Amino acid sequence: MNYIIFDLEWNQANKKQYENPQIPFEIIEIGAIKLNSNFEKIGEFSRMIRPSVYHTMHSVTKDIIHISMGELKNEQTFVPVMRHFLKWCGEDCLYGTWGSSDLTELQQNMDYFHFPPLSDGPLTYLDIQKLYALVYEPENDKTRRSLKTAVEALGIPQDIPFHRAFADAYYTAKVLQHISAGPAAEQVLKRVSYNVYRLPKTRKQEVHIIFDTYAKYISREFEDKQAAMEDREVVSTKCYICHKNCRKKLRWFTPNGKHYYAVAYCNKHGFIKGKIRIKKSGDDKVYVVKTLKLIDEEQAKAVQEKQDHMREIRRQHRRARHGNTEQGENLISDD
C-alpha cells in the first residue's frame, strides 16, 4: 500500500450572493507526494487547474497563494487533471492530509464534476496534523499546530515557500516521515481518521473501531436527536475489550444538548466513560460520534461532579423561573 500525501488550494466567490452552494470552494491546485509502505518518496504530483465556476480570484486567496487568474488560463480544467491525479494515486493507497478539510473539498468538487465517489461511506485517512500532536505533544494532544510550526519544531529544512499545494504536501510528507521513524510509530499510525463527507447509509456500514486507548463508533443518519438517543447501538456502553454488558453507574446525560456523557462499570476492566457527540449532516438530519474509554475511579468521580453541577444549575433556573412566576402573580393580585 502507498500513502498519498496531498494538499489543495481553492478559490471562492468574492461575495456570498455569488456563491454556488454545490461547490463553495473550487480547487485550483493539487500537490501530492507518494510514499511507499516504508514511507520512502516514490512520486510527485503538481498541477494547477483552470477554474470553471469562479473566474475572479478572491482577494484573500490571491494574497495567500500568490496565484492570479492569468496564470490559470492555459491550464486544464478539473476533470482531466482529476482523472490524471486518480490514475497517479493508484487503487491501493491511503490518503494523508494536514487537517481534515482537504478530503471534504476534494470529494465535493468530484461530486460537482460527476466523478464516482472515493468511497460509499466514511473514508479512512491519516490526519497528520493530529498524529503530530499525539507524538510530540501527548500531554495536550487536542492541540492543532500549523504545518509551519511543526516543520520548524522538527528542524525540517525549509527549501521551498509554504502556501502552495505542492509545497504543503511536501512538508506534510516530511512530517509523516519523522513520525514513521519514531519509537511510537507503529501504534500512532494505527490512529486513522474518518472523513464523514459520506456517512454510513445502513447499520452494517457504521464504523466500529478500537484504538489503543479507546473505541470509536460513527453512526448512520437519524431524523433527529431524539431518534438517535433512542437507538440501542448509540446508547450502548458494552465493554469494548471483552464485549460484555456493563453496569451503568451514570446514565446518559447532557450539559448542553450536543454532548452526552455516561459511566459504566465492567467487572473485568473497570470504569468506562462514554461520550456522544450529536452532529448535523448536510440534509438537516443528525449522526452520532461515540467514544468509549477506560478511566479510573477519580475520573469517574469527575464525570459525576459534572452531572451534579449540571443538575444544580437546572435547579437554580427552575427556582428563578418559579420566583418570577410568583412575583408576577403577586403583581396581578395587587392590581
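Could you tell me whether segment 56-146 comes out rounded, prolate or oblate from its Cα gyration tensor? Rule is a ≥ b ≥ c as square roots of the eigenvalues, rounded for a/c under 1.5, then prolate if a/b exceeds b/c, otherwise oblate.
Taking the square roots of the gyration eigenvalues as a ≥ b ≥ c, segment 56-146 is oblate.
Using only the Cα atoms of segment 201-311, build the gyration tensor, take square roots of its eigenvalues as a ≥ b ≥ c, and label the shape rounded, prolate or oblate: rounded if a/c is under 1.5, else prolate if a/b is larger than b/c, else oblate. Taking the square roots of the gyration eigenvalues as a ≥ b ≥ c, segment 201-311 is oblate. Using just its DSSP H runs of length 4 or more, each adding -39500 (n - 2.57), the chain gives a mean residue ellipticity at 222 nm of -10500 deg cm²/dmol after division by all residues.
Quick one: of Lys130/Lys216; Lys204/Lys273; Lys248/Lys279; Lys190/Lys301; Lys204/Lys279, which pairs are farther than 22 Å apart, Cα to Cα?
The answer is Lys204/Lys273; Lys248/Lys279; Lys190/Lys301.
For segment 2-188, DSSP calls about 70 percent of its internal beta bridges antiparallel.
Of the peptides 45-52, 202-209, the ranking by mean beta-carbon count within 10 Å, highest at the top, reads 45-52, 202-209. The trypsin sites (Lys or Arg not before Pro) found in segment 206-252 that occupy coil by DSSP, while having at most 11 further C-beta atoms within 10 Å, are Lys244.
Here the peptides 167-173, 308-314 are ranked by packing, the mean other Cβ count within 10 Å, and the order with the highest first is 167-173, 308-314. Each part reduced to its alpha carbon centroid, segment 225-270 and segment 150-204 end up 32 Å apart. Checking (1) 51; (2) 41; (3) 55 against percent of Cα pairs over 28 Å apart calculated from these atoms, the matching label is (3).
Quick one: net charge around Glu233, please, counting Lys, Arg +1 and Asp, Glu -1 for every other residue with C-beta under 12 Å from its C-beta. Mind dumping the intermediate values first?
Numbers: positive: Arg203, Lys204, Arg220, Arg232, Lys238, Lys290; negative: Glu206, Glu230, Asp231.
Taking every other residue near Glu233 into account, the sum is +3.
Laboratory data are not the source of any read-out in this text; all were calculated from the coordinates shown. All values reported here derive from a predicted model rather than from experimental measurement. In this analysis, Cβ positions are derived from the backbone assuming ideal geometry, glycine residues included, and neighbour counts consider all displayed protein chains.
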